[in-house]
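Encoded as structure tokens, the structure appears first; notes follow it.
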Amino acid sequence: MQRREFLQGTAGLLAAAALGGHAARALAGAVERHDMDLQAFRASRRFVATPYGRIAYVERGTGDAALFLHGFPLNGFQWRGALDRLSPYRRCIAPDFLALGYSEVAPGQSVAPDAQVAMLIALLDTLGVTHADVVASDSGGAVAQLLVTHHPQRVRSLLLTNCDTEPESPPAAMAPVIAMSHAGTYVDRWLVPWLADKQLARSAQGIGGMCFADPGDPTDEAIECYFAPLVSSPQRKGLVHAYAIALEHNPLAGIGPALQRCKVPVRIVWGRDDTIFSLAGARYLDSHFGHSRGVRYLDHAKLFYPEERPEVIAEEARKLWNV
């Protein structure tokens, strides 16, 4: 780095510090951030054939594997910043769940959480991965809990962000989504308008106001990546509705004793400003996982903070992985 560039960068960070913690983090992120853009992410996308369909995933890095499980109605693009930061330490694999993203679901295939677990095992087997560090968010966290309790030998460690828990699965905020999905209207009433009007998507009435702390998120390219495949055909819309409906009857019911028996180290990092999942969810996970490494609470962080603050995910993952 040139001396002038170093001084300019340092001056910027010092100025940010004078503005206060949240502003400082934002400016520091702007200086340091080097996430994949949509074009690079698309170029990295691969597909693997499984009995459950052709599963889309992005892979970066080598060595021991790490598996990243996204939220609803997102896809693996959610983890682009974490993949950039953690690929020097792990073979990072970010798949798209059945019914979401760019995965192609086999005819008649269930997209319920237990089917997602089976798909992930098939994916790992096909990729030659015996076990992985798992990082999960939102409904992906429910899948991760099922994965670690049903197949503990396949999970080396578990890092959970705001997500479903047994007492809060589905969360109350999902009730209108599930109702619209039963009526076959959710995608047309919410996702189609958000894709067409990205400012609406970022508003208080959109996914931005609901799930992101930064009013500039999600970006135009993220909205395009997340929603374009989901609205592309009646079949894809139906699969999205099936995904939501499958969450209606608590997939984590009765899981508490299995969490207590779990020997996998677990770290919980929870956004305080989340309006979808309560802070009680973090406390539940910490008290029920037999080998919890405790909870870190983040201020100015909503449900999808991993997309906005990937440096936190990278920091916590490296601590958990001891790298």
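Short to long, the 5 Å bins of the Cα pair-distance histogram for segment 134-258 hold 2, 10, 17, 18, 20, 16, 10, 5, 1, 0 percent of all pairs. Ordering Leu303, Ile207, Pro95 by the projection of their Cα atoms onto the charge dipole of the chain, which places +1 on the Cβ of Lys and Arg and -1 on the Cβ of Asp and Glu, puts Pro95 at the extreme positive end.
Building the convex hull from the alpha-carbon atoms of segment 75-179 and averaging its projection over directions returns 7.6 nm².
For the chain, a crude dipole built from +1 on the beta carbon of Lys and Arg and -1 on the beta carbon of Asp and Glu, taken about the Cα centre, is about 700 debye to the nearest 20.
With 27 Å as the limit, the listed pairs Lys198/Lys237; Lys263/Lys302; Lys237/Lys263 have Lys263/Lys302; Lys237/Lys263 beyond it between alpha carbons. Considering all alpha-carbon pairs of the chain, what whole percent are spaced by more than 33 angstrom? Considering the chain, 21 percent of its Cα-Cα pairs are separated by more than 33 Å. Mean residue ellipticity, 222 nm, helices only, the chain: the sum of -39500 (n - 2.57) across DSSP H runs of n ≥ 4, divided by residue count and rounded to 500, is -13000 deg cm²/dmol. In terms of overall dimensions, the C-alpha atoms belonging to segment 258-323 reach 32, 30, 13 Å along their principal axes, ordered largest to smallest.
A short reminder: the numbers here are calculations on the coordinates, not readings from a lab. What you see is a predicted model, and the numbers here were worked out from it, not measured in a lab. All Cβ positions, glycine included, derive from the backbone under ideal geometry; neighbour counts span all protein chains shown.
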